[in-house]
Amino acid sequence: MNDLQLFDLVLFGGTGDLVTRKLLPALYNAYSHGTINHEARIFALGRKDYNHEEYAKFAYEKAIKAGVEIDINKWDEFCKMVHYLTVDANHEDDYIKLSNTLRKEITNIYYLSTDPRLFKPICQNIAKVNLNHNNSRIVLEKPLGHDLQTANDINDFVAKFFSEEQIYRIDHYLGKESVQNLMAIRFGNTLFEALWSRQWISSIQITIAESLGVGSRGEFYDKTGALRDMLQNHLLQLLCIVAMEPPFSLDADTVRNEKLKVLQALKPLTEDMVVNNVIRGQYKACTVDGHNINGYLEEEDIPNNSRTETYVALKAEIQNWRWANVPFYLRTGKRLKEQTAEIVVQFKDIPCKIFPFNANNFANRLIIKLQPEETVQLYFLAKQPGDTNDLRPVYLDLDFNKMFTTRRTEGYERLLLDVIRGKLTLFVRRDEQEAAWKWVEPILTTWEKLNFAPKLYSAGTWGPSSASALLSRAGESWHEELI
Ligand code: BG6
């Protein structure tokens with residue numbers, strides 16, 4: 001235990017959803033498995049008045065409601081590390097209390113899990129009481145900005161008080177075991193890397209599909225939409241990992257340099273490309289298995305004329321030697337048919353066919369499922385038993401949960417441990433984030449300029465039909481359309 005880093009962690013937004021549903025449960029799990037120093041302290045900050053017991057109970061109930069498995073005795077033990085402080089992030093004086101409490105000789109971490117509008121006052125107030133010292137780190141939750149300009153504003157402001165090495169920009173997808181495994185699959189094996197280029201690959205699909213709707217986050221979501229909420233960050237980060245050149249080490253800047261090059265090589269989107277190659281969708285009411293499902297416009301806090309997209313699909317191209325002319329199809333949406341995140345790599349067709357051809361056959365396809373299952377499937381064709389030469393698709397199927405029985409950490413747990421250990425590899429550097437905003441910006445401006453209405457899709461389907469057309473124009477199909 002003694003060799004584990006000692007820290008004081010401050011969670012701004014201590015009564016919010018992220019802290020109670022994700023961050024405290026992640027820290028609880030780390031505590032239970034002995035991966036954080038038990039002498040460390042966690043300060044949850046909020047405006048409401050809670051005493052220790054009330055906050056511990058409140059956080060416990062929120063976590064249970066979110067489906068976290070908790071042993072109440074362990075939770076009570078863990079809560080001895082957790083302290084609630086009534087602090088208004090805008091009140092300068094409240095930071096004196098914080099400054100008097102933190103041990104400045106050890107690592108101090110400030111996790112900003114608040115409305116981004118509070119990022120500036122929080123940084124300013126932290127600095128006023130000299131809490132931005134050499135041992136301090138700051139964690140910024142997404143959404144970081146609303147567009148390139150606002151992201152730059154926040155980054156410029158934070159940079160006045162913290163150096164880039166002290167800033168941890170979270171993209172929780174990078175903390176997922178399955179996403180890190182993507183790097184392992186690519187760079188730990190000769191097999192895949194040798195085939196990983198335009199020479200052998202004809203297209204790649206990256207999907208993050210959610211079956212749930214916006215739930216109680218309507219107010220936030222309506223100002224955000226799928227492009228800003230998921231594509232600008234999670235999907236583009238996945239794209240980077242799939243497409244980057246092999247880094248020469250796992251050192252933070254080496255990996256981030258390679259990811260940045262992918263973002264910089266993305267073919268800029270013109271207005272025409274946005275109109276033709278970007279699909280904007282919004283779910284509408286329908287009945288699924290006898291249950292009426294609300295459309296987006298019927299959800300809580302959503303104006304009934306909202307044009308916010310709950311779905312986005314697009315075709316991207318990376319202009320470099322490895323990937324020129326290979327389409328990358330990216331999509332994400334809420335209220336889709338299934339909850340899944342997957343990468344589908346379609347290898348090129350064989351150069352000449354000597355077996356009878358069946359149009360329904362699909363092969364040469366690698367599917368890396370990131371969630372909910374963590375699997376790798378390799379589809380190929382094999383001869384069907386019998387006296388003909390008919391082929392049919394078969395697949396090799398690897399399930400990581402069956403293969404490894406050791407505990408898998410949740411994204412936030414791994415990322416929090418990395419902040420504590422001072423490891424930046426799985427965090428987004430400022431230039432990466434700017435490059436991602438720069439690339440999506442023409443979509444935002446075109447939609448606004450043309451007052452682009454989203455295409456409606458029924459809840460419980462795979463999205464608007466125009467998303468299928470985007471691929472069929474190139475003679476391709478989304479993976480689920482083939483199976
Ligand atoms: C968050 C988005 O970043 O990711 C949410 O704000 C989304 O809208 C969530 O639901 C999806 O994350 P996961 O880990 O559940 O796939």
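The values are calculated or read from the model by the stated rules, or taken from the named source; none is laboratory data. All values derive from a computational prediction rather than experimental measurement. Glycine gets a Cβ as well: all are built from the backbone with ideal geometry, and neighbour counts include every protein chain shown.
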### Query
Can you name the residue in region 156-185 that is under 20 Å from Val129 (Cα atoms) and of a type in the set (A, V, I, L, M) and, of all such residues, is nearest to the chain's Cα centre (by Cα)?
Ile167
### Condition check for Tyr95: buried (at least 17 other Cβ atoms within 10 Å of the Cβ), part of a helix (DSSP H, G or I) and of a type in the set (Ser, Thr, Tyr)
yes
### Summary
Across region 189-204, the tally of residues that are touching an Asp or Glu at 6+ places or on another chain (Cβ under 8 Å) and more than 18 Å from Lys369 (Cβ to Cβ) stands at 1
### Query
When you look at Thr425, is it on the phi < 0 side of the Ramachandran plot and within 16 Å of the ligand (Cβ to nearest atom), yes or no?
no
### Task
Scan region 350-389 for residues that are in contact (Cβ under 8 Å) with a residue 24 or more places away in the chain, hydroxyl-bearing (Ser, Thr, Tyr) and over 19 Å from Ile241 (Cα atoms) and jot them down.
Thr388
### Task
Go through region 312-341 and give me each residue that's buried (at least 21 other Cβ atoms within 10 Å of the Cβ) and either over 21 Å from Asp272 (Cβ atoms) or within 12 Å of the ligand (Cβ to nearest atom) (or both).
Trp323, Thr332, Gly333, Lys334, Arg335, Leu336, Ala341
### Summary
Residue count, region 143-185, condition part of a loop (DSSP other than H, G, I, E, B), hydrophobic (A, V, I, L, M, F, W, C) and within 15 Å of the ligand (Cβ to nearest atom), comes to 2
### Query
When only residues in region 67-92 that are assigned to a strand (DSSP E or B) and of a type in the set (Val, Ile, Thr) count, which is farthest from Phe119 (Cα to Cα)?
Val82
### Task
Give the number of residues within region 60-92 that are under 13 Å from Thr20 (Cβ atoms), crowded, with 19+ Cβ neighbours inside 10 Å and of a type in the set (Val, Ile, Thr).
2
### Looking only at region 113-130, and only at residues there that are surrounded by fewer than 20 Cβ atoms within 10 Å (Cβ to Cβ) and in a loop (DSSP other than H, G, I, E, B), the one that is nearest to the ligand (Cβ to nearest atom)
Asp115
### Residues located in region 133-142, provided they are away from the ligand (no atom under 16 Å from the Cβ), not polar (S, T, N, Q) and not in a strand (DSSP E or B)
His133
#### Entry: Ala209 being surrounded by fewer than 19 Cβ atoms within 10 Å (Cβ to Cβ) and either under 17 Å from the mean Cα position of the chain (by Cα) or more than 22 Å from Trp437 (Cα to Cα) (or both)
no
#### Entry: Checklist (1) in contact with a strand residue (DSSP E or B) (Cβ under 7 Å, 6 or more places away or on another chain); (2) over 22 Å from Leu174 (Cα atoms); (3) within 11 Å of the ligand (Cβ to nearest atom) applied to Ser203, failing item
(3)
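This table checks each residue for (1) part of a loop (DSSP other than H, G, I, E, B); (2) modelled with pLDDT of 95 or more; (3) surrounded by 14 or more Cβ atoms within 10 Å (Cβ to Cβ).
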site	(1), (2), (3)
Val19	no, yes, yes
Leu24	no, yes, yes
Ala30	no, yes, yes
Thr35	yes, yes, yes
Glu39	yes, yes, no
Phe43	no, yes, yes
Phe58	no, yes, yes
#### Entry: Complete set of residues in region 342-352 that are away from the ligand (no atom under 16 Å from the Cβ) and among the charged types (D, E, K, R)
Lys348, Asp349
### Message
Restricting to region 353-374, count the residues that are more than 16 Å from the ligand (Cβ to nearest atom) and assigned to a strand (DSSP E or B).
### Response
3
### Query
Out of region 176-231, which residues are within 27 Å of Leu471 (Cβ to Cβ) and among the β-branched types (Val, Ile, Thr)?
Val179, Ile185, Ile201, Ile204, Ile206, Thr207, Ile208, Val214, Thr224
### Message
When you check Asn181 against the structure, is it out of contact with any helix residue (DSSP H, G or I) (no Cβ under 8 Å at 6 or more places or on another chain), surrounded by fewer than 22 Cβ atoms within 10 Å (Cβ to Cβ) and not aliphatic (A, V, I, L, M), yes or no?
### Response
no
### Message
So if I check each of Arg331, Arg335, Arg322, Arg307, which one is under 27 Å from Leu18 (Cα atoms) and out of contact with any strand residue (DSSP E or B) (no Cβ under 7 Å at 6 or more places or on another chain)?
### Response
Arg307
## Note on the structure
Filter region 318-357 for residues that are aromatic (Phe, Trp, Tyr) and within 18 Å of Ile368 (Cα to Cα); the one that is modelled with the lowest pLDDT is Phe347
## Note on the structure
How many residues of region 426-483 are outside any helix (DSSP H, G or I) and of a type in the set (Gly, Ala, Ser)? The answer is 8
### Task
Please verify whether region 395-409 includes one or more residues that are closer than 23 Å to Thr20 by Cβ, in contact with a helix residue (DSSP H, G or I) (Cβ under 8 Å, 6 or more places away or on another chain) and either assigned to a loop (DSSP other than H, G, I, E, B) or not aliphatic (A, V, I, L, M) (or both).
yes
